[in-house]
């Protein structure tokens, strides 16, 4: 079973290639059509879609991102809203993942 850190890192990696991030859909195919996050023809994802694609079925990865938004005193801490409306670039979404990964790694280290 993967940890939240594993899922956050895997989802972040899905978003890194050029053209792999999207808005207003969990995932899209190469023609820009909405597809399921786990569809074999998906080529780009939003933050939540990337988490779904890597098996964040219990939502702990999404919760980790929402905690980071809350820590930044965002009025709306919904990750989908952040991805689609507040984030003006993939770089901003990647930074959110980086902060969530750093916190999750620190918490895992402290728990040992």
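Nothing in this text is a laboratory measurement; each read-out follows from the coordinates by a stated rule. Note that the structure is predicted; figures quoted are calculated from it, not measured.
Tell me the angle of helix 60-71 to the major Cα principal axis of the chain, expressed in degrees between 0 and 90 and rounded to the nearest ten. Once rounded, the angle reads 70 degrees. Under 1.5 on a/c is rounded, so check that first for the range 14-112, then, if it is not, pick prolate when a/b is larger than b/c and oblate when it is not; a ≥ b ≥ c are the square roots of the alpha carbon gyration tensor eigenvalues. Since a/c reaches 1.5 and a/b is larger than b/c, the shape of the range 14-112 is classed as prolate. Mean-square fluctuation check for the chain, GNM, Cα pairs under 10 Å: which of 25, 87, 53 is largest? Most flexible of the set in this elastic network: 87.
So what is the 222 nm mean residue ellipticity for the chain from helices alone, if each DSSP H run of at least 4 adds -39500 (n - 2.57) and you divide by all residues, rounding to the nearest 500 deg cm²/dmol? Walk me through the numbers on the way to the answer.
Working: 4 runs with 53 residues, N = 112.
Counting only the DSSP helices, I get -15000 deg cm²/dmol.
Summary value for the range 7-79: 28 percent relative contact order, contacts being C-alpha pairs under 8 angstrom separated by 6+ residues.
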